[in-house]
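Before any comments, here is the structure.
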Amino acid sequence: MYELTLTNYEVTRMFEGMVRSWFAGVKADYNDFIKAMLLDDLDAMNAYMNRVALNSFSYFDTGRSPSGEEPERFYHGFVLGLLVDLHLRERMY
């Protein structure tokens, strides 16, 4: 593990632009998930999570002992990431 410090504002902006360009063609399809969550639509939230889990999560993502304490932490972190991304996107526009 290491820490990286960018030298100045211009370099920071260059890296931000570079990373954004990597994901520019990617459409975030979790807006329906956020809407379902705000409307307390558990069925729609569950359908979204099932689709994402089946397409991207692996057994190893949940930790070495998923039957141990708090195996759902991974999924809580995933949902938290969705909310943080939504907040950051709102600040950008």
Q | Radius 11 Å from Cβ of ALA47, net charge of other residues (Lys, Arg +1; Asp, Glu -1) | A | -2
Q: Estimate the FRET efficiency between ALA53 and TRP22 by the formula 1/(1 + (r/R0)^6), using the beta-carbon distance for r and 25 Å for R0, to the nearest 0.05.
A: 0.55
Q) Ordering PHE33, PHE15, PHE57, PHE23 by how much accessible area each has at a 1.4 Å probe, largest first, what is the list? A) PHE23, PHE15, PHE57, PHE33
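The values are calculated or read from the model by the stated rules, or taken from the named source; none is laboratory data. A quick note: this is a predicted structure, and the numbers were derived from the prediction, not measured. Methodologically, a virtual Cβ is constructed for each residue, glycine included, from the backbone with ideal geometry; neighbour enumeration extends over all protein chains shown. These area figures cover heavy atoms from the full protein model, side chains too; ligands, DNA and RNA do not enter into them. Shrake-Rupley method; radii C 1.70, N 1.55, O 1.52, S 1.80 Å.
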